[in-house]
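Just below is one structure, and these are the notes that go with it.
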Amino acid sequence: MTGYLLTYSPTSAVARFILQRPLSVLHALGALLLVLTLAGCGMPQPAFKNTDVTGTDCCRDFRLTDHKGNTRTLADFRGKAVVIFFGYTQCPDVCPTTMVEMKAALGQLGADAQRVQVLFVTLDPERDTRELLANYVPAFDPSFLGLYGDLETTARTAREFRVFYQKHAGPTPGSYTLDHTAGSYVFDPRGRVRLFVRHGDGGANLVADLRSLLKEG
């Protein structure tokens, strides 16, 4: 994957974007749209370690199928903090390392880990079947859920969550790769989106923020 990672952190009233790797034109346009969305929310300076997106008008809900065959929406996880990451199973680096980070974060939460749900939403429904997700996602942690939809549902959900992705052809029709937004959204137990976690920050900062959200109840 050549240009997938966009991170941002608030340094004033407007979020400052840091490019950690080269981005495609699609990602650059997506970055601009996302920062305008967040800047227009009039959000106060956050108290969290990660980027506070409380009040943004995106990430309102989804309707997808989990790897067990159940239809899922955000309401199913009410009472838990929810971490949502968009990726695909054949991703060579960002996706598996993010899942490893999430597993490690849950390990540091102790008993509170039972009040956190990690969701992996595939951006590649053409290859990521229910069976493949059922093997891939729980391999990181049995509590993790893989979610998928058809091509139209996937595109609609990605737009709702301001996730940008682009297919790059490989040497054969089935060997393509995806550039995609790298980062996770975190919802509080009331179902409100609260945080954007940059790839690579799924450590102590995420643990601290999850504890804060769980205390809010």
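The values are calculated or read from the model by the stated rules, or taken from the named source; none is laboratory data. It should be emphasised that the depicted structure is a prediction, and the values quoted were computed from it without experimental measurement. Counting neighbours? That spans all protein chains shown, and the Cβs are built from the backbone with ideal geometry, glycine included.
So here's what we get for this one:
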quantity: Cβ-Cβ under 8 Å pairs, at least 6 apart or on other chains, region 69-88 side closer than 20 Å to PHE196 by Cα and of a type in the set (Ser, Thr, Tyr), far side part of a helix (DSSP H, G or I) and at pLDDT 95 or above; calculated: TYR88/CYS95
quantity: Matching entry among LEU123, LEU195, LEU145, LEU119 (being in contact with a His (Cβ under 9 Å, 6 or more places away or on another chain), within 21 Å of LYS80 (Cβ to Cβ), modelled with pLDDT of 95 or more and aliphatic (A, V, I, L, M)); calculated: LEU145
quantity: Residue in region 201-214 that is over 18 Å from ALA75 (Cβ atoms), at pLDDT below 95, part of a strand (DSSP E or B) and out of contact with any Lys or Arg (no Cβ under 7 Å at 6 or more places or on another chain) present; calculated: no
quantity: Unique match (being within 16 Å of ASP52 (Cα to Cα) and hydrophobic (A, V, I, L, M, F, W, C)) among LEU151, LEU213; calculated: LEU213
quantity: Filter result for the condition that a residue is surrounded by 14 or more Cβ atoms within 10 Å (Cβ to Cβ) and at positive phi, over ARG162, ARG72, ARG115; calculated: ARG162
quantity: Entirely in region 113-194, the strands (runs of 3 or more DSSP E) that have 1 or more residues that are free of Cβ contacts under 8 Å to residues at least 60 places away in the same chain; calculated: 116-122, 165-168
quantity: Of the criteria (1) at pLDDT below 50; (2) of a type in the set (A, V, I, L, M, F, W, C); (3) loosely packed, with under 15 Cβ neighbours inside 10 Å, which one MET43 fails; calculated: (3)
quantity: Residue selected from region 133-156 under the condition more than 16 Å from the chain's Cα centre (by Cα) and among the polar types (S, T, N, Q), by the criterion nearest to GLY69 (Cα to Cα); calculated: ASN135
quantity: Verdict on THR97 being more than 19 Å from LEU151 (Cα to Cα), at pLDDT 95 or above and among the β-branched types (Val, Ile, Thr); calculated: yes
